[in-house]
Amino acid sequence: MWNKLKEGVSLACIALLFFFPRSLCAQSSQQPNIIFIYADDLGFGDVSAYGATRIHTPNLDRLAARGTRFTNAHTSSATCTPSRFALMTGTYPWRKQGTGVLPGDAALIVPTDKITLPQVFKQAGYQTAIVGKWHLGLGTQVEKDWNNAVKPGPNEVGLDYAFIFPATADRVPTVFLENHDVVALDKDDPIEVDYQKPVGNDPTGKDHPELLKMRSSPDHGHNQTIVNGIGRIGYMSGGYQTRWVDEEVSTTFLTVAQQYIKENKDNPFFLYFALTEPHVPRMPATRFKGKSGLGYRGDAILQLDWTVGELMDQVESLGLADNTIIIFTSDNGPVLDDGYEDGAVTQLNGHTPAGPLRGGKYSIFEAGTRVPFIVAGAGVNSGAVSEALVCQMDVLASVNELLGGEIKPGEAMDSQPMWDAFLGKASNGREYLVEHAGSLGVIKGEWKYIEPSEGPAYAKLTDIELGNAPKAQLYKLSEDLGEKHNIAEEHPEIVKELTDILAEERAKK
Ligand code: NG6
Ligand code: CA
């Protein structure tokens, strides 16, 4: 019925196109623009709408006030690449080898022959784009020529336009790519990248610490090629005109995103806006430095908040507010020392990045995957708080539900349609979700189970409790959100139920 209705609307639209400008048609259609804003390493407690008191995020709070704020929304995993893989493919990343945190020269890991989130939009006639951090690999192999078209990449998995950096800001190559090409490349100064051995003559952080404007933390190893006074992971030579200035990365992404929105305001679009804040190296624009009193990590969060505000204002001033949905979330939980001496630890000032949760980035405890998640805009319940259990991986099937597309059997198999939950209209979400860090856990209703694991309980480098233990763990989140009391032995029947779920999920092909 809905499809029929939409067919009717589309036919009417085609007819109308003969008489009216395109913009009128787009506005009369039922298809909302969707802007998916992905923060990098932002914790559950890093936003004032989520209870932070030492830092203020007025724009995210404004977004939350206009929309629905989720308190039990998750990313699939406690690190970046797997979470982004799940978002794009609608499948749990632990089903596939090679989906862990990728080096900057990795090959593309998203299949080009299966449904992806952007392809769901494309099926429905949307324009699609990514602006920001990619971190899902590029090309068919590690050894690649950065001086010619680098593909496959975002364009080959459904994103019509891409303005990205390849991996993370702490990994070479520190360049932007527009579609297949490195931006501002001078063919006479070719780029070479290697993660195994030094290339070229650039100084490294290891040999020339005196050249650093921000020191690497001991033992983290962010001490290879220096770009802009910051030691990176990996070696790079050449491409001097292409290298970004860290203080400008965020505004570059914002400017490109705003340009894209402006150019696409008359047609439905999906914009995947993948911010770099507050991931390391935290080097915010100079005007944000020192603003938060919490070191550069806090300053980067203020910059992120400002960026979201700019985008919201643009959507409004272009008259798109009634036809646009903004989804804001983070790819994994928070970390303070992730490789640089940037004041995140020494100037923490009582701030609690994970809020009431235990653990952080890399952890199977809740702070690893439970993240801020706000949906606001056209048709979304405003000023609401939802406790529905949802995962970013569900956006794919949910948008497909909205747009009436087709997903072949066996594709996006872990993505569940939850559109009403995302709109804040249905209070129930998933029955359960598998959480993923080094080990796996299951969250179901008020229960959280963590499978036994020989992995380390604690990471000294980042000062994070990873949640691994040789014995099964069971927490009653309704009473113990901070996962302090393991009551597995008192509830063998629940442990069994959740162990069975995990075994069933693992067995799925
Ligand atoms: C870790 C890096 C960390 C960060 C992370 C990826 C070390 C010691 N630490 O391996 O600095 O880059 O990978 O973060 O190398 S993520 O958010 O992209 O997953
Ligand atoms: Ca991340």
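The values are calculated or read from the model by the stated rules, or taken from the named source; none is laboratory data. Model, not experiment: these values are computed from the prediction. No Cβ is skipped: glycine too gets one built from the backbone with ideal geometry, and neighbour counts run over all protein chains shown. Surface areas here come from the heavy atoms of the whole protein model, side chains and all, with no ligands, DNA or RNA. Shrake-Rupley method; radii C 1.70, N 1.55, O 1.52, S 1.80 Å.
Some notes on this structure:
- Remark: pairs (first residue in segment 95-119, buried (at least 16 other Cβ atoms within 10 Å of the Cβ); second residue among the charged types (D, E, K, R); Cβ separation under 6 Å; 6+ apart in sequence or on different chains) = Gly104/Arg171; Lys114/Glu411; Ile115/Glu411.
- Given (1) charged (D, E, K, R); (2) crowded, with 24+ Cβ neighbours inside 10 Å; (3) away from ligand 1 (no atom under 16 Å from the Cβ), index of the condition Arg171 fails: (3)
- Filtered residues of segment 38-75 (kept if farther than 14 Å from Ala367 by Cβ, open to solvent by less than 10 Å² (accessible area, probe 1.4 Å) and either within 12 Å of ligand 2 (Cβ to nearest atom) or out of contact with any helix residue (DSSP H, G or I) (no Cβ under 7 Å at 6 or more places or on another chain) (or both)): Tyr38, Ala39, Asp40, Gly67, Thr68, Phe70
- Within segment 214-236, considering residues that are of a type outside the set (S, T, N, Q) and touching a helix residue (DSSP H, G or I) at 6+ places or on another chain (Cβ under 9 Å), the one most open to solvent (accessible area, probe 1.4 Å): Arg215
- In summary, Asp266 fulfils each of the numbered conditions (1) closer than 19 Å to Gln347 by Cα; (2) away from ligand 2 (no atom under 16 Å from the Cβ); (3) surrounded by fewer than 24 Cβ atoms within 10 Å (Cβ to Cβ) with the single exception of condition (1).
- For segment 411-429, the set of residues classified as assigned to a loop (DSSP other than H, G, I, E, B) and over 13 Å from Val395 (Cβ atoms) consists of Glu411, Met413, Gly424, Lys425, Ala426, Ser427, Asn428, listed by residue number.
- Applying a threshold of 6 Å to beta carbon distances and a minimum spacing of six or more residues, or different chains, the list of pairs starting in segment 292-303 at a residue that is open to solvent by less than 20 Å² (accessible area, probe 1.4 Å) and ending at one that is in a helix (DSSP H, G or I) reads Asp299/Phe288; Gln303/Ser250; Gln303/Phe288.
- Leading residue by the ranking (nearest to ligand 2 (Cβ to nearest atom)) among those in segment 157-180 that are under 18 Å from the mean Cα position of the chain (by Cα), β-branched (Val, Ile, Thr) and not in a loop (DSSP other than H, G, I, E, B): Ile164
- Looking across Lys206, Lys151, Lys197, Lys122, one residue alone is outside any loop (DSSP other than H, G, I, E, B), open to solvent by 70 Å² or more (accessible area, probe 1.4 Å) and not aliphatic (A, V, I, L, M). It is Lys122.
- Residue in segment 316-331 that is within 16 Å of ligand 1 (Cβ to nearest atom) and over 30 Å from Ile261 (Cα atoms) present: no
- Residue check, Lys476 touching a residue at least 12 places away in the same chain (Cβ under 8 Å) and farther than 19 Å from Pro356 by Cα: no
- Thr79 falls short on exactly one of the conditions (1) touching a residue at least 40 places away in the same chain (Cβ under 8 Å); (2) more than 16 Å from ligand 2 (Cβ to nearest atom); (3) touching a Phe, Trp or Tyr at 6+ places or on another chain (Cβ under 8 Å), and that condition is (2).
- Selection within segment 262-311: residues that are of a type in the set (Ser, Thr, Tyr) and not in a strand (DSSP E or B). The member of this set that is nearest to Ala378 (Cα to Cα) is Thr307.
- All positions within segment 338-372 that are acidic (Asp, Glu) and away from ligand 1 (no atom under 16 Å from the Cβ): Glu366
- Residue match in segment 186-194 (condition: of a type in the set (Asp, Glu) and modelled with pLDDT under 95): no
- Odd one out for Tyr92, checked against (1) more than 16 Å from ligand 2 (Cβ to nearest atom); (2) open to solvent by 10 Å² or more (accessible area, probe 1.4 Å); (3) farther than 20 Å from Asp305 by Cα: (2)
- Taken across segment 141-163, residues that are within 16 Å of ligand 1 (Cβ to nearest atom) and either within 16 Å of Asp331 (Cβ to Cβ) or of a type outside the set (Asp, Glu) (or both) do not occur at all.
- Scanning segment 34-62 for residues that are touching a residue at least 40 places away in the same chain (Cβ under 8 Å), closer than 26 Å to Phe269 by Cα and not in a loop (DSSP other than H, G, I, E, B) returns Ile34, Ile35, Phe36, Ile37, Tyr38, Ala39, Asn59, Leu60, Arg62.
- Residue in segment 408-431 that is outside the structural domain of Ala344 (by TED's automatic domain parsing) and among the aromatic types (Phe, Trp, Tyr) present: no
- Within segment 321-341, being closer than 24 Å to Gly309 by Cβ, of a type outside the set (Ser, Thr, Tyr) and more than 16 Å from ligand 2 (Cβ to nearest atom) holds for Ala321, Asp322, Asn323, Ile325, Ile326, Ile327.
- Qualifying residue in segment 127-139 (condition: farther than 20 Å from Phe163 by Cβ and either more than 16 Å from ligand 1 (Cβ to nearest atom) or among the basic types (Lys, Arg) (or both)): no
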